[in-house]
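Student: Submitted below is the structure of interest, expressed as structure tokens.
Only the coordinates and a few stated rules stand behind these numbers; no lab work does. Predicted model, so just to flag it, every value in this text is computed and none were measured. Every residue, glycine among them, receives a Cβ derived from its backbone with ideal geometry; neighbour counts consider all protein chains shown.
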Amino acid sequence: MDTMDIDRLVAPPAHTAAAFSPDMVDPSLYQAEALEPDVQMEDDEDEAASDISADSDALELRAEVERFDQQQEAFVARQRAEAAGLPYQPPPSRKAGAGAAGRKQKRRRVRGPRKPAPLPPDIQFRLSLANEAFQQQDYDKAIAHLSEIIRINSEVFNAWMLLSTVHETLGNRDQAIWCRISAAHLTPRDVNQWISTAEYALECLGDLGDDDGNEGADDDEDAEAARRRSEKAEVLARAYACYTQALETDRSSIAARTGRADVILMQGNASKALVEYQKALSYRPWNIRTVRNIADVALDVKDRRKGADIARGAYRRLIDHLQATGTYEAEEGRFEWSDLRIYLEFFTILEQWQEGARELKEISRWLLGRRAETYWDQWIDDDREWDIYDDRRLAVPGFEPAQFPQESYGQGLPVDLRAKLYVYRSKLGLEHEAELHLQLLDPGREEDFMDFPDCLKDIAVALLDRNRADEAIRYLDLFRHIATTTGETVLDADFSVCQGRYHMARGEKAAAEECFIAAIEEDEDHIEARVQLANMYEGEEMQEGREEAFLLVREAMNLEASGTRRRRGPYGPRKPREGPPRPRKPRDPNRKSNYVPRRLIDAEKRRQQELVMTAQAAKNFQRLQAVQDRALAGDEQAKAEWMKAAKLLVDDFRSYKQFYPWEKYLKLLGYAASAQGQAAAPARNMKLAAMEERLRQNLAPAEGQEQAARLPLKFPSEHRGIPFDTWLDIFLNYAFALVRSGRHREAYAVCHAARDSVVWTSAETTFLIHVAWASCAVYAGDEETCVAIARYFMRDYMPGTDSYRMFSAMCRVCQTPVSWYTSGPAQKFILRQIKTMDTIVMRKDKEKDRDRDSHAAGTGNGNGNGSSDPDIGLDVALLTIYGHILFTTTSYTYALSYFARAASLDPANPLINLSTGLAYLHYALKRQATNRQYLLTQGFAFLFRYYRDRGPPPPVVVVVVVVEAHFNIARAYSLVGLGNLAVEYYKKVLDEQAAWGENPGSGGGGMGSEDLTAEAAYNVRTLCYLLGDVDGARAVAEKWLVLE
């Protein structure tokens, strides 16, 4: 020890604590940042976001380094003291701040991302090579260099960014996005980097395009549209994650906040986007871009009234601020006339006509530079302020004609705002003021409306509401003229509804019907068209008209409840269109459109419509037959064509009301909820709700008359020229095709529609439908549906042994846990069946005893069977099934009682003996077992009775039956831990299989037989290995478990 160099032995290596000093760590990077209470957010994600910039890993590393330094110094001092023969004195502990007179130094917080550590020379050299290869357009070489850099050190920011640029140049946009995301993770506190990464990810949305209009054209386009939707969803998810990461660093970043809100809106969640915009506005309340975003998304939320109230409040606060500061300039924009138009749109949604008129006059006065004339606010129901001339204004106290120019009064009010003011006055019943505005809205002056053609429809609607159809048509004709001559405006669904209302006012119902149906075909989400068409059909005397009216009202209520509605922004100056007119997007055939209007007024057009539908059905049926053979042969393209034609045929059949009871038809369309079960209708829907209830009461049939009212007197034998038996084949085959393609819910719906139809009510067709339904459930592995269908067979179709066995078989073939087989409803159903049988049997026994007593007394009638059915009795299969259900739920004592009842009826049944023996064994292995030896003895007694019954003496022996008996006994011995005995029976399984292989004529399998050789050999190998016989385990595996 004296010759040892202590200083050399304990000197720290260069890469340990001596090379890493705590002074190298900036303490300000680990100082916690106090949260400001006034910016606490309600969002769960923002609550989870922390502004604490301390790195827990760095703090832990720093503490470990200090502890290591202290231990190192203590060790060196101790060794030196021992070498010198001096007593050891521990070094004084180092205190923080000792160099500053014990005062704790105030840490200065450093904001922003940390400075990156300098790159090693080899990394810099490789990075220069990658840059040189990229400039020379040798992209493969550049990727190779960058990949090597990332392999050496994956935290090189420039390498990831350059790799992203290379992939972008090569067109690998997805790889480029991932590289940028990886680079952003290297600078997690850099907000701008996260925002730029999100914006970069969103740039590719334009390449994906809008695939909504191509859905449903054919299967190839369907697959392409689905792929694009999936890619779009993935891109939006990435952008959302990047914006969220930026907000976790700086929650006051309005760019990140609005960007995330934009992404949420593109994902289809308007309500959540509205909340996000509100949070952004709380940081920048005078940002006009955010206010406009709130106004835009408020039109898409489900509760439009709530969204309109929020947007109106945001605009009002901004206007108050701008008026107080005396400017029109807001943050990121200027308040313009278009903002006023958007602002007034929310008063229309809220139906606040008086407030809308007041805000229109006040803000227009401000925009025209006359905010000082506040005395006009006293003239609430008078609009003389906006007259063209000063005749009426001169009577107003305080008005000075020369103070402001004439262009700041009526001449300066845009024509669309005057039209809005006319609508407000009409709604309020101020006829005089409304007429004055209408005189200035002369349809003969076409040039006044060229920039604001949409206001013509609003004027026409207001005139139609006041029963002035002859004047309304002038404005509609002008709108049509502008649309057809300029090509900048389209004749949309709103115009068709106005045109239909005009024809209704003239008594031209056929023309009105065509206009309303055209509006629905133009915009399948148009609510007003459905309401107007329902009002017209409700007045018809025939039953079918009221039925169509009810369906239209229900469709309108569903659209209101789902928030699906037409988007109509506030009209403003028309912008010139670039390029050719965009074609109208066709109706998506894959989208669920429950109801297709039928023409009821014009009989000739209705007949033509039926002929067209019949011809289309015949065409689809021919296509189906043409490709059926190729589809059965496995041609994928033929399968797709067959399914498309079958879907059209099935949808056509289900849309025919005569084939379904009224309530079933409503349920098929999704309208079956009763009035009592519906949620309370919002205030805006009270008229629709009242109309729906009135029609429902008028259409409700009397009890017991539903079927007779729906079926015609002479039921046809075909539909669209196709026999009903062929229709049933189409339904069931289409269900099979759906379940094979993984769409089992749609297959169930097809089977359900076939079952509910009044066409197929015979026992044979009902049986086929339920068998097909059960087959679909088995193929899908849906045990719940299997149990439901099996209950139909046990309850309604053929109660008896076969139906009970079908229940067990269907649950057996489902490769799912036995959750529904042992569920409460299934147990209760089986138990009710048993109780019903017990009641019948007990009644039969009582009747037999009474007849026996009467016969002994000489008063009997000689009928010993009584009045009960002699074929009804206890069913062994039913008792055994219920015993198995209890056995599966580990209720062994209760299961044994039902096995005993089954054994009393069939004592030689091997299955009952096997089940009883296993129940005793499992009960014996439970902790609560009282007499385990007795239970084991009883169990093996029943098992060997089963073993004796399953192995009859030759020559009647069946090998698979004997093998099954050997295997079950071996499993029972393994269950109780007697491996030595289990091995003997497993060997018998192998011996029997080997003997049968040498002499195939000695016995064979049968239905349901299984080859248990592999299972037995595997169990023997396992037991041999556990018992220490490694050579035996190897021999069994080499002989029986080798795959050829």
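Student: Figure the gain on full extension for Ala117 and Thr893 (residue separation times 0.36 nm, minus the Cα-Cα span) and round it to one decimal in nm.
Tutor: Residue separation times 0.36 nm, minus the Cα-Cα distance, leaves 272.1 nm.
Student: How big is the Cα convex hull of the stretch 447-538 in projection, averaged over all directions, in nm²?
Tutor: For the stretch 447-538, the mean projected area of the Cα convex hull comes to 5.8 nm².
Student: Another question, if that's okay. Counting only C-alpha contacts under 8 Å and six or more residues apart, can you give the relative contact order of the stretch 117-186 as a whole percent?
Tutor: About 24 percent, as a whole number.
Student: If you don't mind, there's one more thing I want to ask. Starting at the first residue of the stretch 721-726, write each ³J(HN,Hα) from the Karplus equation 6.51 cos²θ - 1.76 cosθ + 1.60 with θ = phi - 60°, in whole Hz, x for Gly and Pro.
Tutor: x, 10, x, 5, 5, 5
Student: In the P(r) worked out for the stretch 117-186, what percent of Cα pairs fall beyond 17 Å?
Tutor: 35
Student: Using only C-alpha positions, report the orientation-averaged shadow area of the convex hull of the stretch 272-363, nm², one decimal.
Tutor: Dividing the Cα hull surface by four gives the mean projection, 5.5 nm².
Student: Moving on. What fraction of the Cα pairs in the stretch 716-779, stated in percent, has a spacing above 15 angstrom?
Tutor: Numbers: 926 of 2016 pairs.
Of the Cα pairs, 46 percent sit more than 15 Å apart.
Student: Moving on to the next point. Using a Förster radius of 60 Å, what is the FRET efficiency between His752 and Arg506 based on their Cβ-Cβ separation? Nearest 0.05, please.
Tutor: That gives a FRET efficiency of 0.85.
Student: Multiplying the sequence separation of Ala690 and Ile388 by 0.36 nm and subtracting their Cα-Cα distance, what value in nm do you get?
Tutor: Length gained between Ala690 and Ile388: 104.2 nm.
Student: If packing is taken as the average count of other Cβ atoms within 10 Å, what order do 325-335, 231-241, 744-754 fall into, highest mean first?
Tutor: 744-754, 231-241, 325-335
Student: What list do you get for His167, His526, His185 if you sort them by fewest beta carbons within 10 Å?
Tutor: Least to most surrounded, the residues fall as His185, His167, His526.
Student: If you don't mind, another one. With θ set to phi - 60° and the Karplus curve 6.51 cos²θ - 1.76 cosθ + 1.60, what are the ³J(HN,Hα) couplings of the stretch 782-796 in order, to the nearest whole Hz, using x for Gly and Pro?
Tutor: 9, 5, 4, 5, 4, 5, 5, 5, 4, 5, 4, 5, 6, 9, 10
Student: Quickly rank 760-767, 778-785, 982-989 as a protection proxy: mean count of other C-beta atoms within 10 Å, highest first.
Tutor: Values: 760-767: 12.9, 778-785: 18.8, 982-989: 21.0.
Averaged packing, sorted descending, gives the order 982-989, 778-785, 760-767.
Student: While we're here: With the cut-off at 1.5 for a/c, could you classify the stretch 310-417 from its C-alpha gyration tensor as rounded, prolate or oblate?
Tutor: Cα axes put the stretch 310-417 in the prolate bin.
Student: Could the peptides 821-832, 243-254, 499-510 be put in order, highest first, of the mean number of other beta-carbon atoms found within 10 Å of their residues?
Tutor: In decreasing order of mean packing, 821-832, 243-254, 499-510 become 243-254, 499-510, 821-832.
Student: Still on this structure: Which FRET efficiency, nearest 0.05, do Asp906 and Ala1037 yield, Cβ-Cβ r, R0 35 Å?
Tutor: My answer for the efficiency is 0.25.
Student: Now, a different point. So if I restrict to the alpha-carbon atoms in the stretch 603-656, what is the Rg, and what is Dmax, the biggest pairwise distance, in Å?
Tutor: 13.4, 46
Student: Determine the sum of side-chain charges near Thr765: Lys and Arg each +1, Asp and Glu each -1, restricted to other residues whose C-beta is under 12 angstrom from that of Thr765.
Tutor: Computed value for this residue: -2.
Student: From the square roots a ≥ b ≥ c of the eigenvalues of the alpha-carbon gyration tensor of the stretch 332-371, which class results: rounded (a/c under 1.5), prolate (a/b over b/c), or oblate?
Tutor: Oblate, since a/c reaches 1.5 and b/c is not below a/b.
Student: Where does the stretch 215-341 land on Rg(C-alpha)/(2.2 N^0.38 Å)? All intermediate terms of the calculation are to be shown ahead of the outcome.
Tutor: Working: Rg = 17.5 Å, N = 127, 2.2 N^0.38 = 13.9 Å.
Against the compact-globule rule of thumb, the ratio is 1.26.
Student: Next up: Quick one: Karplus J couplings for the stretch 878-894, per residue in order, coefficients 6.51, -1.76, 1.60, θ = phi - 60°, nearest Hz, x for Gly and Pro?
Tutor: Using θ = phi - 60°, the values come out as 5, 5, 5, 4, 5, x, 5, 4, 5, 4, 5, 8, 6, 8, 6, 5, 6 Hz.
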